[in-house]
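Asks: One structure is given below, represented as structure tokens, and several questions about it will come after.
Only the coordinates and a few stated rules stand behind these numbers; no lab work does. In this text, all values refer to a predicted model and were calculated from it rather than measured experimentally. When we count neighbours, we look across all protein chains shown, and the Cβ atoms used for this are built from the backbone with ideal geometry, even at glycine.
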Amino acid sequence: MKKQEQKILIMGTGISGLSTGYWLQKAGYPITFIEKKDQAGGSMHTVRKEGFTIDFGPNSGLDSSSFFHPILEDLGIEDKILYASDLAKNRYILKNHRLVKMPMGPLSLLSTPLFSIRGKLAIFREPWVKRGDVPESVAGFVERRFGREFLDYAINPFISGVYAGDPEHLSVREALPKLYALEEKYGSVIRGAIQGRKERKKRAEKAKIASRMFSFSGGMQTLATSIEGHLRKKGAEFLYQREVTNLEKTRNGYKIKFSHTSKGKKILDSLESGQIVLSLPAGPASGVLKKLDPVFSGILSGIEYPPVLVLYLVFRSDDIASGENGFGFLIPEVEKASFLGAIYSSTLFPQTLADHPEKNLRSFTVFIGGARTSLPDLDKDPVMRKKVEETAIGELQKILQAKNPPMFRESRFWPSAIPQYNMGYDTVIRARENFEKNFPGLYIRANYVDGISLSDCLTAGHKKAEEIIQILNGKKEKE
């Protein structure tokens, strides 16, 4: 069978699906995307309002993927990339209602007020701590190796910043695989980090900590819309506002059944293909697969996605007395605040305020909810939503020593935000492998199995595309 006859269907147009489709199309295969929403991007959601550029999904990325620059060059958007201010290296933790700069090296660790002398000694004894011998949560792993203070004031807020999660529940092996691997390979995280740096230097590899943080002049959704535009020009088809109702096995492959509305009428339709990539969040994927594979569907339905409210605020610079400037700050759970932390959006990317006529402004992106705080469906409860926002704004004003409330505010509620790689998550990974073995031609490419960062998604998209291409080439050889 010729490549042109092997149409591949991709369900979902988040960065996971788009990047997989990009590489498949580059190899010569025709692609059709099916999407429930009316635009590409998934959680990449940029809003332009009153002269402000607001990212309610990923607010930045790291150029740590080897595929990042080649993709940008191919898309012709290298001139749109924005690199974060050098101040991004300054990160803060809230302790006793004050912002404390996060230590970034041994010398700053010695002098930081973030940890007590006892806490610092626990960190420096890490190279002599024995390996663990049972599956551990992130909290268990970190407390065993670095002590409780490091867990409370470094890892707990870090996990809330990355996963909006709870380190007591997340599996260290799945949620922080590189940290876990350092102990497995070197017997120590600190020794492993030092040795790994030397080994990367020999291989001329870039570590994530040395990667540059970026966004785009039009916001992060620029990447998604640019990939979509590129794929369209090359012949890819995008079917938007399609509600997939079922996926079933046929004699020659699989059939996707879906519905859409035209002129006020609901229309039922279907597509068939021998190769389908499911690039949906776990919940929607579970619904699609309920009849085809009830066991795998049940496993997917059990993946936790805590809700998160993203609140964008703009203050006049003169109203803020706090002089801290950097990436932003995170709040440990022990501080008992109403929100998880805030990003200093305009410090990182001042251009996001450039279209507003008023100057001397500062913008902040505040994150509320996550696994540590149970939020109701705020889209359905405007009174509660206002209360949640006002509480967070009041606390933020105290931290920033802001004498006046923000001049602008906008928010986006994500009922299901980030997948939680909780204890026992290896069951999900194995189930995905078994599913793809049991149903040849169906593939799972999503952030709940391959990592949640943009870099992870780009790299995993290339890997999955290569896997599919090899399978198709193998079939072609047999035919």
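Asks: Using Cβ counts within 10 Å as a stand-in for footprinting exposure, how do 266, 387 rank, fewest first?
Replies: Taking fewest neighbouring Cβ atoms as first place, the list is 266, 387.
Asks: Counting other beta carbons within 10 Å of each residue's own, what order do 462, 97 fall into, fewest first?
Replies: The most exposed by this proxy come first: 97, 462.
Asks: Still on this structure: So if R0 is 25 Å, what FRET efficiency would residue 245 and residue 456 give, r being the distance between their Cβ atoms, rounded to the nearest 0.05?
Replies: 0.25
Asks: Once every Cα of the range 240-395 carries one equal point scatterer and solvent is ignored, give the base-10 log of I(q)/I(0) from the Debye formula at q = 0.09, 0.12, 0.14 Å⁻¹, two decimals.
Replies: -0.54, -0.80, -0.90
Asks: When DSSP beta bridges are limited to those with both residues in the chain, what percentage is antiparallel, rounded to the nearest 5?
Replies: Within the chain, antiparallel bridges account for around 75 percent of the total.
Asks: Which order do the peptides 48-54, 17-23, 336-342 come out in when sorted by mean C-beta neighbours inside 10 angstrom, highest first?
Replies: Ranking, from highest mean packing down: 17-23, 336-342, 48-54.
Asks: Exceeding 22 Å between C-alpha atoms, which entries from my cross-link table qualify? They are 7/257; 37/463; 7/80; 89/130; 290/437; 234/255.
Replies: Pairs exceeding the cut-off: 37/463; 7/80; 89/130; 234/255.
Asks: Which of the peptides 7-16, 125-134, 358-367 is most tightly packed, and how do the rest follow, going by the mean number of other Cβ atoms within 10 Å of each residue?
Replies: For the peptides 7-16, 125-134, 358-367, the packing ranking is 7-16, 358-367, 125-134.
Asks: Report, in deg cm²/dmol and to the nearest 500, the calculated mean residue ellipticity at 222 nm for the chain, where each DSSP H run with n ≥ 4 adds -39500 (n - 2.57) and the sum is divided by the residue count.
Replies: -10500 deg cm²/dmol
Asks: Sort all Cα-Cα distances of the range 115-208 into consecutive 5 angstrom bins from zero, then give the percent of pairs in each bin up to the one containing the longest distance.
Replies: In order of increasing distance, the bins hold 3, 14, 22, 23, 20, 13, 4, 1 percent.
Asks: Which order do peptides 173-180, 291-298 fall in by mean Cβ count within 10 Å, highest first?
Replies: 173-180, 291-298
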